[in-house]
Amino acid sequence: MEKEFIKLFELFIAASVINNFVFTRFLGLCIFFGVSKKMETAIGMSITFTSVMVVAAALSWLVFYYIMVPLEITFLKIIIFIGIVAAFVQASDTIMRKVSPGLYYKLGVYLALISTNCIIIAVPLINTGEKYNFLESLSFGLGSGIGFAIALTVMASIREKLELADVPRPFRGMPIAWVTTALISLAFMGFSGLITL
Amino acid sequence: MDHEEKISYLQLIKNGIFKENTIFRLVISLCPSIAVTNSVRNGFLLGVAVLFVQSMVNATVALLRKFIHPRIRIPIFMLIISGWVTFVDMIMAAYARAAYKEIGLYIQIIVAFASILARAEMFASKNRVVPAFFDGLGSGLGFLVALVLISFFRELLGKGSVAGIPIVHAKPMLIMILPTGGFLVVGLLMGFFNWIDMRFYGGKGAGGAGGH
């Protein structure tokens, strides 16, 4: 039991900092650069993304092992996973609008953006590719959600300062954000070797 | 007539490569621009995959545009895209095994590329099959060129070779083939193109918008 737990914890740490999706696997960059301009939006996105990620990981695991494997249609996993994510995002959008308009007003925008985030489709693919069990998939999903949140908040805090800096004109906006990310990812390399799976 | 059409097809392609280059100008679909560009071969392969998927998706969407109800178009587009991605995924897995091990995940992730959905939505759903196909070709070529360019610099500086052929015999800068180098090269290239645009074409410098 204890070994199980340690394995889960290791997966969580590995997904969130060591193999951080943004800095070492380069996924979710689109959203990462899109919403990291302000701290407020970054935090909103982080919360929405992490919760959607965990549910999506769980849902896709269940569908994969209880529907797709018995029917032997695992070769359709790309189509089915993107379908699950899109349907779930759409559903939670509708539910949130009805149940809690206040929350929807704050986080609804990010929800619509999430379906274009590569991480959300990569995590189910990796989960089934690596044959993680249900709990492992959950903790991997949670880890990658938190990892993305860390990346987003770090970046947002830097970019808010960058607004005041005197950047050469051609580099304003996106280019300098990329160079900054390069430096952050250099720092994140320090985590490699923290845990070996 | 014939001549005119040729020019407009050429323009569609040029538009995709220069004016609306997916990575450097529109700044979308960035994930693979770093992930697979540590060698020219990988960058080229993914570029070809995207080129193919983009053209075929555009053609399919244009072909079916009369039958797709506007309100459910996005899920339908996603289905078409994922169908073609699965096709490419299987072909790659069968015929390019060594490369597939490295870039397989990113091939599958073409599904979530905003650029492909955007072209289908903005162009293919309103145009006939042939122009839509050429639009996809142009946009895909732009992506391919960008990937090859990035991977050229990264492989040259990081391994001292181009497409596996050793060229420089100095000690390579390992950092260039690590993730950091990818971010750095893309950032610098983007800045460089903005500079060209400002200096010679009087542009205001794109890349500020940043989508997904």
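For region A:92-197, the helices (runs of 4 or more DSSP H) that sit wholly inside it and include 1 or more residues that are facing chain B (nearest Cβ under 8 Å), crowded, with 18+ Cβ neighbours inside 10 Å and within 19 Å of the chain's Cα centre (by Cα) are A:101-114, A:118-129, A:174-188. Just for region B:33-63: of the residues that are among the hydroxyl-bearing types (Ser, Thr, Tyr) and part of a helix (DSSP H, G or I), which one is surrounded by the most Cβ atoms within 10 Å (Cβ to Cβ)? Looking at residues that are among the hydroxyl-bearing types (Ser, Thr, Tyr) and part of a helix (DSSP H, G or I), I get B:Ser33.
In region B:94-106 there is at least one residue matching the filter, namely being within 14 Å of the chain's Cα centre (by Cα) and either at pLDDT 85 or above or closer than 25 Å to A:Val22 by Cα (or both). Among the candidates A:Leu125, A:Leu162, A:Leu113, the residue that is aliphatic (A, V, I, L, M), in contact with a helix residue (DSSP H, G or I) (Cβ under 9 Å, 6 or more places away or on another chain) and at pLDDT below 80 is uniquely A:Leu113. Give the residue that is nearest to A:Ile120 (Cα to Cα), with candidates limited to residues of region A:1-28 that are aliphatic (A, V, I, L, M), touching a residue at least 60 places away in the same chain (Cβ under 8 Å) and not in a loop (DSSP other than H, G, I, E, B). For region A:1-28, the residue satisfying everything is A:Ala15.
Taking first residues from region B:80-105 that are within 10 Å of chain A (Cβ to nearest Cβ) and part of a helix (DSSP H, G or I) and partners that are surrounded by 13 or more Cβ atoms within 10 Å (Cβ to Cβ) and among the basic types (Lys, Arg), the Cβ contacts under 9 Å between residues at least 6 apart in sequence or on separate chains come to B:Thr86/A:Lys77; B:Leu105/A:Arg25. Across region B:172-192, the qualifying residues are those that are part of a helix (DSSP H, G or I), modelled with pLDDT under 80 and more than 7 Å from chain A (Cβ to nearest Cβ), and the one among them that is farthest from A:Val179 (Cα to Cα) is B:Leu174. Scanning region A:29-57 for residues that are part of a helix (DSSP H, G or I), small (Gly, Ala, Ser) and either crowded, with 24+ Cβ neighbours inside 10 Å or modelled with pLDDT of 80 or more (or both) returns A:Ala42, A:Gly44, A:Ser46, A:Ser51, A:Ala56, A:Ala57. Residues that are aromatic (Phe, Trp, Tyr) and over 16 Å from A:Ser139 (Cβ atoms) within region A:29-66 comprise A:Phe32, A:Phe33, A:Phe49, A:Phe64, A:Tyr65, A:Tyr66, listed in sequence order. Contact annotation: residue pairs with Cβ atoms under 6 Å, 6 or more positions apart or on different chains, pairing a residue in region A:32-46 that is polar (S, T, N, Q) with a partner that is surrounded by 16 or more Cβ atoms within 10 Å (Cβ to Cβ), are A:Ser36/A:Ala42; A:Ser36/A:Leu152; A:Ser36/A:Met155; A:Ser36/A:Ala156; A:Ser36/A:Arg159; A:Thr41/A:Val35; A:Ser46/A:Ala149; A:Ser46/A:Leu152.
The values are calculated or read from the model by the stated rules, or taken from the named source; none is laboratory data. What you are looking at is a predicted structure, and each value in this text was computed from that prediction instead of being measured. Note that we place each Cβ from the backbone using ideal geometry, even for glycine, and neighbour counts take in every protein chain shown.
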